[in-house]
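So the structure is just underneath, and the comments pick up after that.
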Amino acid sequence: MTNEQANRVANAVIAVAAVGAAVVILKTPTLRRLAWRFAVTAVTGMVPAWIGREVRHGWAESGRREI
């Protein structure tokens, strides 16, 4: 087995495992609610933090003094 074939097999196994996990999560109400809560937490926590970092970085790169 070549390295390229091994990578393809590994990618296929990971894809099948991800699809299987998604099916189990979507079919189980408690897991579905938990996944939804994690998604909401990620979006409401990470996105504003990322925007803040980008604004600070842009301000610093513009060469202006800090406020």
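Looking only at region 34-62, which residues are within 21 Å of the chain's Cα centre (by Cα) and of a type in the set (Asp, Glu)?
Once the filter is applied, which keeps residues that are within 21 Å of the chain's Cα centre (by Cα) and of a type in the set (Asp, Glu), region 34-62 yields only GLU54.
Give the residues of region 12-67 that are part of a loop (DSSP other than H, G, I, E, B) and exposed (fewer than 10 other Cβ atoms within 10 Å of the Cβ), sorted by residue number. First the steps, then the outcome.
Here is the first cut: in region 12-67, the residues part of a loop (DSSP other than H, G, I, E, B) are 28, 62-67.
Selection gives SER62, GLY63, ARG64, ARG65, GLU66, ILE67.
Every number here is computed from the coordinates shown, using simple stated rules; none is lab data. These figures come from a predicted structure and were not determined experimentally. Cβ coordinates were reconstructed from backbone atoms using ideal geometry, including for glycine residues, and neighbour counts include every protein chain displayed.
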